[in-house]
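Have a look at the structure below before the remarks.
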Amino acid sequence: MPQLTYLEAIADALRTEMRRDERVFLLGEDIATYGGAFKLTKNFHEEFGRKRVLDCPISESAIVGAAIGAALNGMRPVAEMQFMDFVTCGFNQIVNVAATTAYRWGIGVPIVVRGPSGGGVGANPFHSRNSEAWFAHASGVKVVCPAFPADAKGLMTASIRDNNPVVFYEHKGLYRKIKEEVPEGEYSIPLGKANVVREGKNGTIVAYGSAVHFALAAAEELSKEGASVEVIDIRTLVPFDQETVLASARKTNRVLIAHEASLTAGFGGEIAARIAEHAFEYLDAPIMRVAAYDAPTPFAPTLEKAVLPNAEKVLSAMRKLLTY
Amino acid sequence: MKSKSTAKESTTIPPIKPSKLLTDPQRVEMFRYMLQAREFDLAMQRLNRQGRAFGGVYSQTGNEASSVGSAYALGNKDVLFPMHRNIGGHFVFGQDLNTLMLAFLAREGSLMRGTDGTGHYADIGRRIYGNISHLGAMIPVAAGFVLASKMRGETIVSMTYIGDGGSQTGEFHEGVNFASVQKLPLVLIIENNQYAYSSPNSVEFACEKLSDRALGYGCFGETIDGTDIELVYETCVRAVERARKGEGPSLIETNTMRMRGHAEHDDFSYVPKEQLEYWQKRDPIDRYQSFLLSKKILSADDVTAIRTKLIEEIRAAIDYAIELPFPSAEEGFKNIFVD
Ligand SMILES: Cc1ncc(C[n+]2csc(CCOP(=O)(O)OP(=O)(O)O)c2C)c(N)n1
Ligand SMILES: [Mg+2]
């Protein structure tokens, strides 16, 4: 198996699906000649042609709307948001057109809206946002937030093959940071299956995206102190694998939820509520959350570090939880 | 010149200029669709007054020529993305009254299973894709639909609609620009019925004609009298031909008048009486009827017979639908996603 970065793994999924299925095509800004702002689709147009790697005007509503129209007419478009922050400009198409079509018409809208999200890279309030919870709240959109290269490939494949709209959050900080073995050829991971990435018995950290790496670092540190911490990567917010999370809560009796997105009305609140509703009597401590401070993601490194969660913040919260 | 909608201009009704593209049987067919749209409208208004139709009832009275004449210009593979005053287009595309009534009255068997109402349904077999409420949103979708067929080398045309209000949305701009850049076979009918809810054109835009925007997009644009169905038809036939030849989208602004309130709850007291009188004389059905009578294509008795039959059919559809129950509550929990 080849070692691929997170970015290469996503590109591999797109390429493999485009080779397999003529209906799959890409549309977005600067994706053909330039290969995308992060070069994820570099050279794609050479293999697939400019029709299937369609450079579009700076019109997120038109990009997502055209993807929806094409999906209604038999295609399986993958729309790139140059930065996931700009999905706001295509928001209406996703939450009002795409998300309601199955419910209203019984017709699937097989589109993927994907792009780089997340902070920690010294961008600014407009190139760092983690907005996945907005779509989890929309009803009718699947939401995917992979943390590892192999998962990113498998989940992207599943997202393209899914008959429903999927919003796919790639973490730009992970794009070139991690490399791992990624299965070659067609590789799909079902949406809605959490992954227990580290087993433990004294407490659980439930996380997704970049926060999975914070959780793993914290768990490793805690193991040196004699604590055994389970880490669950939920991988997809919608569908949400409640059973895997509840099983772990019932086993370890202590749960901390970590995500890079801001705290209030973040998806962690939803996870906490599900655990409280269904596993309350198993808990030995209150459910805790580590998330970004409720602020736009700031620019200067000092501010950004202070506002965003990281491994140290997860570690100290977990220490508190384990000794509660 | 916006005075077209004021009473200052000449009040002689311009005669219908016969199109060379139409046969008499086609004329009768178009006339029938217009009458059907009008009678459907009147029936919905009655149901609303009787408290038997809930939700908004949006009259299309005044819009018949625009809606029917444009949809009539499409071929049997083309697709229609109608808006809320385009019931005429549904009829042109072969929709039956029972299906419509079930949708409008949200009864069991509605294509939308009660999840939504009015003309918001999709009927893939009939190539009708209803709108969502958000104005402007369907333009990029209608464009994307034919982007897909164009990629496959098919030449189908997509027609959609927007109002004098909805054409001020960002999605109008993005959709038309995208379609123009990609030279998509899209025909966008801008129905300028002088009002967007209570707002006259002066609140909505500052350009002279909405079709002038075509210049800025690099597509084709034309403003026409939207109460002359033969003119609407012929203009749209040309737009559809251009689209098929790969010459890109057209913006066709049809000038009409919304003869009632935004919806039935609205008494439209903000509309000057003289303005309504001016347009009353240009009623698209009256105009076409006098043309058909004067050319002896139809007799007065023919018109009465057609209208009577349409009214009976609509009544039968109401009787059929109104007796049916609302969809089962379980439907509310289904189909958030498809398999
Ligand atoms: C984006 C959006 N904003 C507001 C509304 C509420 N609304 C529905 S119809 C309407 C007026 C539309 O006017 P126009 O586009 O001229 O179409 P008309 O109703 O006159 O045919 C408004 C404001 C909406 N549906 N969508
Ligand atoms: Mg209007």
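The values are calculated or read from the model by the stated rules, or taken from the named source; none is laboratory data. From a predicted model like this one, the values you see are computed outputs, not experimental measurements. Heads up, the Cβs are rebuilt from the backbone with ideal geometry, glycines too, and the neighbour counts pull from every protein chain shown. In case anyone asks, the SASA skips ligands and DNA or RNA and just uses the protein heavy atoms, side chains included. Shrake-Rupley method; radii C 1.70, N 1.55, O 1.52, S 1.80 Å.
Observations, loosely collected:
- Per principal axis, descending, Cα span of chain B in whole Å: 52, 50, 41
- Accessible area (Å², per residue) of the protein assembly as shown, counting only protein heavy atoms and a probe of 1.4 Å: 39
- Chain A: angle of helix A:149-161 to the longest principal axis, Cα-based, in degrees nearest 10: 50
- Surface accessible to a 1.4 Å probe, residue B:309 within the full protein complex, Å²: 110
- Efficiency of FRET between residue B:281 and residue A:305 - r from beta-carbon atoms, R0 56 angstrom, step 0.05: 0.20
- Listed residues B:134, A:267, A:27: farthest to the positive end of the dipole of the protein assembly as shown (Cβ charges): A:27
- Only Lys, Arg, Asp and Glu carry charge here, each on its Cβ (+1 for the first two, -1 for the last two); on that basis chain A has a dipole of about 80 debye about its Cα centre.
- Among B:251, A:38, A:144 - extreme Cα towards positive end, dipole of the protein assembly as shown, charges at beta-carbon: B:251
- Expected 222 nm ellipticity per residue - DSSP helices of 4 or more, -39500 (n - 2.57), all of chain B, to 500: -13000 deg cm²/dmol
- Dipole of the protein assembly as shown, positive end: most advanced residue of B:65, A:238, A:286 [Cβ charges, Cα centre]: B:65
- Chains B and A together bury roughly 3200 Å² of accessible area, counting both sides, with a 1.4 Å probe on protein heavy atoms only.
- When you filter the GluC sites (Glu not before Pro) in the range B:115-209 for DSSP loop state and at most 12 other Cβ atoms inside 10 Å of their Cβ, you are left with B:154, B:208.
- Listed by chain and number, the aspartates and glutamates whose C-alpha is less than 16 Å from the C-alpha of residue B:77, apart from same-chain residues fewer than 8 away, are B:123, B:154, B:241.
- Loop-located GluC sites (Glu not before Pro) in the range A:1-84 (DSSP state not H, G, I, E or B) with no more than 15 neighbouring Cβ atoms inside 10 Å: A:22.
- Net charge dipole size for the range A:127-183 [Lys, Arg +1 and Asp, Glu -1 on Cβ; Debye, nearest 20]: 200
- Per the Cα gyration tensor, the range A:112-270 maps to an equivalent ellipsoid with semi-axes of 24, 18, 17 Å, ordered largest to smallest.
- Neighbouring partner chain Cβ atoms per residue of B:113-119, average, 10 Å criterion: 2
- Nonlocal amide H pairs with residue A:55, under 5 Å, H built at 1.01 Å: A:32
- Ordering A:186, A:230 by accessible surface, largest first, gives A:186, A:230; the 1.4 Å probe counts only protein heavy atoms, with every chain in place.
- Placing pseudo-labels 7 Å out from each Cα toward the beta carbon at residue A:228 and residue A:265 gives an inter-label distance of 4.1 nm.
- In this simple spin-label model, placing a label point 7 Å from the Cα along the Cα-to-Cβ direction at both residue A:22 and residue B:324 gives a separation of 3.9 nm.
- The range B:40-117 shape via C-alpha gyration tensor axes, a/c threshold 1.5: oblate
- Contact residues in the range A:161-193 (at least 20 Å² less accessible area with all protein chains than alone, 1.4 Å probe): A:163, A:164.
- With a 10 Å cut-off around each Cβ of B:323-336, the average count of Cβ atoms from other chains is 2.
- Apportionment of accessible area to carbon and sulfur, the protein assembly as shown, percent (1.4 Å): 53
- For the range B:150-195 versus the range A:6-68, the gap between their alpha-carbon centres in whole angstrom: 24
- Set of the range B:160-183 residues, backbone N closer than 19 Å to the point 7 Å along the Cα-Cβ line of residue B:247: B:160, B:177, B:179-183
- Short-range pairs are left out: with C-alpha atoms under 8 Å and at least six residues apart, the relative contact order of chain B is 24 percent.
- MRE, 222 nm, helices only [DSSP H, n ≥ 4, -39500 (n - 2.57), over chain A, to nearest 500]: -10500 deg cm²/dmol
- Normalised contact order of the range A:106-201, rounded percent, pairs of Cα under 8 Å and 6 or more residues apart: 36
- The alpha carbon gyration tensor of the range B:189-233 gives principal lengths a ≥ b ≥ c with a/c of 1.5 or higher and a/b no greater than b/c, which makes the shape oblate.
- Measuring nothing but how far apart in sequence close Cα pairs (under 8 Å, 6+ apart) lie, relative to its length, chain A scores a relative contact order of 17 percent.
- Counting, for every residue in A:94-102, the Cβ atoms of other protein chains within 10 Å of its Cβ and taking the mean gives 4.
- For residue B:273, a cut-off of 29 angstrom between C-alpha atoms picks up these lysines, skipping any fewer than 8 places away in its own chain: B:2, B:4, B:8, B:17, B:209, B:281.
- Within straight-line cross-link reach of residue A:305, lysines at Cα separation under 19 Å, skipping those fewer than 8 residues along the same chain: A:172, A:177, A:313
- Working note: Cα gyration tensor of chain A, eigenvalues times five, square-rooted, sorted largest first, giving semi-axes of 33, 20, 19 Å.
- Student exercise, the protein assembly as shown dipole from Lys, Arg, Asp, Glu Cβ charges, in Debye to nearest 20: 560
- Nearest 10 degrees, 0 to 90: helix A:210-224 Cα axis against chain A principal axis: 30
- Each peptide in A:207-214, A:155-162 receives the mean, over its residues, of other Cβ atoms within 10 Å, and ordering these scores from highest gives A:207-214, A:155-162.
- Of all beta bridges that DSSP places with both ends in the protein assembly as shown, some 20 percent have antiparallel geometry.
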